[in-house]
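Data block below; observations after.
The values are calculated or read from the model by the stated rules, or taken from the named source; none is laboratory data. This structure is a prediction, so every number in the text was calculated from the model and none was measured. Here the Cβ positions follow ideal geometry from the backbone for every residue, glycine too, while neighbour counts run over all protein chains shown.
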Amino acid sequence: MKNTSKLAETDLCVMCGMCLPMCPTYQLYQVETESPRGRIALMQAIDQQLINADAKALLHIDHCLGCLNCETICPSLVPYGKLIDEFRDQFNPSINKPWLSKLILKQAVKPDGLNALASITNRPALKQLIKLGSTFTGLPENPLANDPSHLKDFYRGAYSEQGQRRGEISLFTGCIGKSSDYSTIKDTAFLLNQLGFDVNIPKQQSCCGAMHQHSGQLETAQTLLNRNQVQLKQFSSDIILFFSPACGASLIQRKNVNVMDVRTFILNELQNQPLAFSKPAQAIALHESCSHRNMLKLKTLNIDLLKCIPDIQIMQSSNPSLCCGAGGLQSINYPQQAHALLEKKLNSFELTQTNILISDNIGCSLHIKSAITRYNPNIEVMHPVSYLVRQLTQKTQEQQTGDNPNALPEPC
Ligand code: SF4
Ligand code: SF4
């Protein structure tokens, strides 16, 4: 008889075990139940009512970070990400989550809900509560602390300097990006302006739904995705650029909306119209998110983009596929696990050899910032676009002070 369960695709697994070494939780705990194969067996057994969905079994399954390293190696093409989302959706009410995690999910549904949360959590009493709630998480003291009110809705392109208006783009900022990483958003608007584009940051956008999708709230995720589809169509611009690889993986499911990763767009533009960047004084470290590698599958994009900077030296992790532990809201849900993985990840870089770590995902960046200064107190964590802007600004200053002012920019 045909298995009509939503978890029927667990039957595709041939239990070969090739995914085990790729799985960060298996690397950490070294037990079968914390591996993709072990989780699939547990999901199957629960689905077929061979075992009870007790707290212990649910915990092993829910420790999954959704990094999808297992999907990249699986010879049977088990759609693991879809299965874990379906499983969490069915069993979400039985899995207890911390109040901060629930609050973030609730606020993210409302337009600008996380901005409101950010401004509330700036208050001293709540700051203290967040700090208490984050003792083991390794989260920064206040993960949503920045005041997003400095963001404008429209940034006019520098086409009077560049000589040509090249078009208008809209930025999909993502809810966490808008509430806690607006410096990257401003840097992106600045760089796009320098390339001749007007930049819209439409107010009507909301959370992409990725956090809800991976937290067992598929219906809410679908509602947000539908809402965004309607809103994105109302954007007047030629193209919509997204920052977060996790948001991007969610948005590109909608084929009839013209969305693109902001790094891809900037790289294409820089290849056509190079800008002059200052040579870095030192090598930089590069951390690439699991959503960048395994969902968007953009492979060399970060390196290709950073190589627009002349003579750049990029140091990568000795274990590039290891998840940093952030995993959406997993750094709040399972703080000790997230912290242990982060230590492993940070140890895989030579962090005393650089003062800059580039990270392409705000979730990873927040998590990394919580511990990285113990490895190097002077290190900064920044988005690749912000690093480009820093080197561009520095070059402009060098030219103003007479360092070869007529030097031509080098092509990427
Ligand atoms: S998604 Fe990542 S954490 Fe989850 S089972 Fe697969 S490899 Fe392990
Ligand atoms: S690699 Fe695929 S088929 Fe093999 S155990 Fe892992 S999920 Fe199952």
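Would you check which residues across segment 42-81 are within 12 Å of ligand 1 (Cβ to nearest atom) and surrounded by fewer than 18 Cβ atoms within 10 Å (Cβ to Cβ) and list them? Within segment 42-81, Thr72, Ile73, Pro79 qualify. Across segment 85-106, the qualifying residues are those that are within 20 Å of the chain's Cα centre (by Cα) and in contact (Cβ under 8 Å) with a residue 60 or more places away in the chain, and the one among them that is nearest to Leu7 (Cα to Cα) is Asp85.
When each of Asn333, Asn319, Asn294, Asn347 is tested for being over 30 Å from Gln400 (Cβ atoms) and within 16 Å of ligand 2 (Cβ to nearest atom), the lone residue that passes is Asn294. Looking at segment 281-292, can you tell me whether even one residue there is surrounded by fewer than 15 Cβ atoms within 10 Å (Cβ to Cβ), charged (D, E, K, R) and in contact (Cβ under 8 Å) with a residue 40 or more places away in the chain? No.
Whether a residue is free of Cβ contacts under 8 Å to residues at least 60 places away in the same chain and in contact with an Asp or Glu (Cβ under 7 Å, 6 or more places away or on another chain) was assessed, and Leu298 passes this test.
Give segment 369-399 a look and list any residue that's farther than 14 Å from Ile309 by Cβ and of a type in the set (A, V, I, L, M), or say none. Result: Ala371, Ile372, Ile379, Val381.
All of (1) in contact (Cβ under 8 Å) with a residue 40 or more places away in the chain; (2) surrounded by 22 or more Cβ atoms within 10 Å (Cβ to Cβ) hold for Lys344 with one exception: (2).
A quick yes/no check of all residues on (1) buried (at least 19 other Cβ atoms within 10 Å of the Cβ); (2) farther than 23 Å from Phe91 by Cα:
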residue: Asp198; (1), (2): yes, yes
residue: Cys208; (1), (2): yes, no
residue: Ser215; (1), (2): yes, no
residue: Glu219; (1), (2): no, no
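Could you say whether any residue in segment 71-84 is within 16 Å of Gln330 (Cα to Cα) and in contact with a Leu (Cβ under 7 Å, 6 or more places away or on another chain)?
Within segment 71-84, one or more residues are within 16 Å of Gln330 (Cα to Cα) and in contact with a Leu (Cβ under 7 Å, 6 or more places away or on another chain).
For segment 1-46: of the residues being small (Gly, Ala, Ser), in a helix (DSSP H, G or I) and away from ligand 2 (no atom under 11 Å from the Cβ), which is farthest from the chain's Cα centre (by Cα)? Restricting to residues being small (Gly, Ala, Ser), in a helix (DSSP H, G or I) and away from ligand 2 (no atom under 11 Å from the Cβ), the top hit is Ala45. Selection of segment 83-116 for residues being in a helix (DSSP H, G or I) and touching a Lys or Arg at 6+ places or on another chain (Cβ under 9 Å) yields Leu83, Ile84, Glu86, Phe87, Asp89, Gln90, Leu105, Gly113, Leu114, Asn115, Ala116.
Inclusion of Ala407 among residues that are small (Gly, Ala, Ser), at pLDDT below 95 and loosely packed, with under 14 Cβ neighbours inside 10 Å is warranted.
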